[in-house]
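Read the structure below first, then the notes.
The values are calculated or read from the model by the stated rules, or taken from the named source; none is laboratory data. Values in this document were obtained by computation on a predicted structure and should not be read as measured data. When we count neighbours, we look across all protein chains shown, and the Cβ atoms used for this are built from the backbone with ideal geometry, even at glycine. Note: accessible area is taken over every heavy atom of the protein model, side chains too, but ligands, DNA and RNA are not part of it. Shrake-Rupley method; radii C 1.70, N 1.55, O 1.52, S 1.80 Å.
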Amino acid sequence: MAASVSAAAKASAAFAHKVRPLLPVPPPPTSRPVTDRLPPLSQKELAAAAPAPTQHRAGSGRRSKPCRVRSVASPARAPRAPSSTGSVKTAMTMTEKILARASERAGLEPGENVWVDVDVLMTHDVCGPGTIGIFKKEFGEDAKVWDREKVVIIPDHYIFTSDERANRNVDILRDFCMEQNIKYFYDIKDLSNFKANPDYKGVCHVALAQEGHCRPGEVPYWLYQVQVLLGTDSHTCNAGAFGQFATGIGNTDAGFVLGTGKALLKVPPTIRFVLDGEMPPYLLAKDLILQIIGEISVSGATYKSMEFVGSTVESLNMEERMTLCNMVIEAGGKNGVVPADETTFKYLEGKTSVDYEPVYSDAQARFFSDYRFDVSKLEPVVAKPHSPDNRALARECKDVKIDRVYIGSCTGGKTEDFLAAAKVFLASGKKVKVPTFLVPATQKVWMDLYSLPVPGSGGKTCSQIFEEAGCDTPASPSCGACLGGPRDTYARMNEPMVCVSTTNRNFPGRMGHKEGQIYLASPYTAAASALTGYVTDPRDFLM
């Protein structure tokens, strides 16, 4: 290592005293108001008072009893004045609890700055080279990452292109992963045929979920393996659908995490969104999040956690919950989160070998604000150019003529998104009137399009229905034209066009040409619009 120690290396040394010890560390105190002046409980009292936390064994849907006491609820005692009990711990939200565990703190409040232990760091071909460069500059050319099994590197953004600089980015990732022996590198070498690359996955946020990197916590948490996933991409908040803390960070922060496994975070206050009511058959989660962003604006949740609860949220499958959390960044949110439940546990079966233990907001937790929606009364919406909060009802835009439709991205390119689009095409029995581009998020999604039968189709797959409707053949899985990319990127808008898209942003130039106009919409609305050549309410075909 160089003789002059860098600032980041010095900061790393300053944390040496917090490196996990060889012997088990006792768990942080419970958030219940147990005082340090109460007499210790006997073994009999401990056994009687110990709660049974929800713990899940990987690969099984059954709950198992924990092997040791993790927290103890104090027995009922006469109330005592605060001055005689010491510090009283407050109830916390999910996000506050997760960050408290990750920072080895008994409790946290919004606004506190804390160093947290990171469980997973993800980067990709756009930000990875910069992150690697900072890591090497600050920690040394021969430095090793803090944990080669907690770094996940996924090429996905500018992949299927002849652009030499884009291709070089992937080469840099590959060289670094070989040097560091990174366990989870989803490489691609043959760009002419993505299927020839068994390790290649596709869009990082969907791949993280499919490959088991997203989960609502790890046990034993007294070793501080908790629920923090950071990524060099703003839509890393997608993973909050699993009941974990997930957010995007910059290359500089990521370079520091590579070397130390730690990040400095400010605890965000939480806005709670209560979504109740039966989901109408013409709405999808994309409509819900566009409705919310239109309600609070693109700055309405700036550096806030957005927690989604309610009967509607509970009824959503995991991919729809991912759509909700994916776009919290479009409202300025720090992270989005959905409480883990049986739907979460079922999805994770067979995807992870790590046991996990979810956390939930306390009943008395303090929220920055509450928003309540009766979902049964909502209608399909779009976000008009050039902002995700430029909300309008789809039926109000029926005179907007369009040039193309794009179905794809981390937001709208999952298996459930394509099944929804196929449902509209199937119901109509018609052909599309504008070019309709289909870009599966991952290799698994691509395979699903050719293998999963669409409900009510008599056994037809999505690919068959798309072909009958006159759509383009599903493309190689990647981020595609969601963020423009090199000029030869599939479906990129190289001319000023009007596009209905299932992606997440519609700023000028987002999908290519700076004069292009993008209407963000659900897969239902996108498919309906493809059939008419105008922005179209999907109820025209689904009702």
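Name, by its number, the condition in (1) open to solvent by less than 10 Å² (accessible area, probe 1.4 Å); (2) of a type in the set (A, V, I, L, M); (3) not in a loop (DSSP other than H, G, I, E, B) that does not hold for Ile329.
So the condition that Ile329 fails would be (1).
Within region 506-532, count every residue that is open to solvent by 10 Å² or more (accessible area, probe 1.4 Å) and over 26 Å from Pro280 (Cβ atoms). Before the answer, list the steps.
Pass one, region 506-532, residues open to solvent by 10 Å² or more (accessible area, probe 1.4 Å): 507-510, 512-515, 517, 519, 524, 532.
Still in the running and over 26 Å from Pro280 (Cβ atoms): 507-510, 512-515, 517.
Residues that pass the stated criteria total 9.
Return the residues of region 128-157 that are open to solvent by 30 Å² or more (accessible area, probe 1.4 Å) and touching a Ser or Thr at 6+ places or on another chain (Cβ under 7 Å); say none if nothing qualifies.
Ile134, Glu138, Trp146, listed by residue number.
Output the number of residues of region 271-290 satisfying the condition of being open to solvent by 30 Å² or more (accessible area, probe 1.4 Å) and either more than 13 Å from Ser522 (Cβ to Cβ) or not in a loop (DSSP other than H, G, I, E, B) (or both).
The qualifying residues number 3.
So, restricting to strands (runs of 3 or more DSSP E) that lie completely within region 116-231, which ones have at least 2 residues that are in contact with a Lys or Arg (Cβ under 7 Å, 6 or more places away or on another chain)? Write out each step before concluding.
Working: elements: 120-124, 151-154, 228-231.
Hits in region 116-231: 120-124.
When region 350-367 is examined, which residues are found to be at pLDDT 90 or above and either surrounded by 15 or more Cβ atoms within 10 Å (Cβ to Cβ) or under 18 Å from Gly240 (Cα atoms) (or both)?
Residues satisfying the conditions are Lys351, Pro358, Val359, Tyr360, Ser361, Asp362, Ala365, Arg366, Phe367.
Quick one: which residue in Ser315, Ser297, Ser311 is outside the structural domain of Thr411 (by the TED database), open to solvent by 20 Å² or more (accessible area, probe 1.4 Å), touching a strand residue (DSSP E or B) at 6+ places or on another chain (Cβ under 9 Å) and hydroxyl-bearing (Ser, Thr, Tyr)?
Details: Ser315 fails: touching a strand residue (DSSP E or B) at 6+ places or on another chain (Cβ under 9 Å); Ser297 fails: touching a strand residue (DSSP E or B) at 6+ places or on another chain (Cβ under 9 Å).
None of the others qualify; the one that does is Ser311.
Show me the strands (runs of 3 or more DSSP E) found entirely inside region 435-543 where at least 2 residues are more than 22 Å from Ile293 (Cβ to Cβ) and modelled with pLDDT of 95 or more.
Details: elements: 436-439, 498-501, 517-520.
Output list reads 436-439.
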